[in-house]
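Data block below; observations after.
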Amino acid sequence: MKIGIVGSADRAIAWEQHLRPHKTVSEVVITSKLADIGNVDACILLDKSKQRIRHMLDAVKNGYHTFLVSPLPTDKQLVQKIYHTAEESNVLLQFSHWPTLAPATKWMHKKIKRPSFIQVKREINHTDHLESEYNFNYYWIDELALCLRWVNGAVHHMDLQTISVIEDTIQAIQMFLRFDSGATASIYINTAAGETSHHRVVANNNYLLDCNVHEQSVRLGEASKKDHLYFKRHHFDASKSAEMAALEFIKSIQLNRPAIYNGHHLLELTKTIEKVEKKLARV
């Protein structure tokens, strides 16, 4: 399999290291422009530009299985277009939704395929947020994407409330989702916090998983034979996320199966974002 990497040289070389160990990868081509990629089977686009979804669409039209490494695109019309183009061309899409691709999350997903309960609490130090490259929406969209992907069902009901101390600027949001399956998810984001913290609690009738995202550690709670709740802590290496993402992309192509976070997941996300934005406009 011949894979092209499109992006800046330093980032491309780092991703090349993730591909080289795999026996199925016979050659890796690095280029700064998609037009110069040549004859490849698949490509990894390292593209954070505003035109990234259009560049991905060009790759799909050329018949390349494509992995876009960037913040998730949220333009519904363009996502819809690339999704249908990929389906018609039998091309696989993968997006770098790091909460889904993180080692801790992947392990949690093996324990709980379909959660009945998700709670996300993310607080960002106010100064850090002001200096960050990401805007407020990035944080809740990232967590919303994880909840939708994990529950894998339609949102039946949605409530939300925001804090806007400064006019036309949201400092915090609290979102509650109820799915058709009966599962619920709550997402709390605060960008005006004194300290940074990030926790996810996921549960069903068999397990309770408490993930400290920054530490990439998970407390697994389950019932003992004597009906006592006991916990065991597991630790994961967050630095493996990119390597595992590359492996997932290769495996999807080999097995001709949908990627771990694909066009369908992104399209469903954009539809839900549209509903959230309509509610935000009325808050």
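Qualifying trypsin sites (Lys or Arg not before Pro) in the stretch 36-143, where qualification requires a DSSP coil assignment and no more than 16 other C-beta atoms within 10 Å, comprise 48, 50, 113. A simple count of charges around residue 89, restricted to other residues whose Cβ falls under 14 Å of its Cβ and scoring Lys, Arg +1 and Asp, Glu -1, yields -2.
Relative contact order of the chain: 19 percent, from C-alpha pairs under 8 Å at least 6 residues apart in sequence.
In whole Å, how far is the Cα centre of the stretch 1-50 from that of the stretch 71-89? Each part's Cα centre sits 21 Å from the other's. Using the average count of surrounding beta-carbon atoms within 10 Å as a protection proxy, the listed peptides 125-135, 24-34, 139-149 rank, highest first, as 139-149, 24-34, 125-135. Bridgeable lysines around residue 48 (alpha carbons under 24 Å apart, same-chain partners fewer than 8 residues away excluded): 2, 33, 61, 76, 81, 240, 271. Other residues within the sphere of radius under 14 Å centred on the Cβ of residue 63, judged by their own Cβ, net out at -2 (K and R +1, D and E -1). When all alpha carbon pairs of the stretch 103-236 are counted in 10 Å bins from zero, the resulting P(r) reads 12, 39, 33, 14, 2, 0 %. With R₀ fixed at 35 Å, the C-beta to C-beta distance from residue 230 to residue 181 puts the FRET efficiency at about 0.80. Seen through its C-alpha gyration tensor, with square-root eigenvalues sorted a ≥ b ≥ c, the chain comes out prolate because a/c lies at 1.5 or above while a/b is bigger than b/c. Distance from a point 7 Å along Cα→Cβ of residue 277 to each backbone N in the stretch 60-98: keep the residues under 11 Å and list them by number. What the label zone holds, given the 11 Å backbone N cut-off, is 74-78. Start at zero, step by 5 Å, and the Cα-Cα distances of the stretch 166-283 spread as 2, 7, 10, 14, 16, 20, 15, 9, 5, 1, 0 percent across the bins. Multiplying the residue separation of residue 117 and residue 205 by 0.36 nm and removing their Cα-Cα distance gives an extension gain of 30.7 nm. By definition, a body whose alpha carbon gyration tensor gives a ≥ b ≥ c is oblate when a/c is 1.5 or more and a/b is not larger than b/c, and the stretch 90-135 fits this oblate description. The packing ranking of peptides 266-273, 63-70, highest mean first, is 63-70, 266-273, where packing means the average number of other beta carbon atoms within 10 angstrom of each residue.
Shape class of the stretch 139-212 from the alpha-carbon gyration tensor: oblate, with a/c at 1.5 or above and b/c at least as large as a/b.
Every number here is computed from the coordinates shown, using simple stated rules; none is lab data. Predicted model, so just to flag it, every value in this text is computed and none were measured. So basically every Cβ, Gly included, is an ideal-geometry build from the backbone, and we count neighbours across all protein chains shown.
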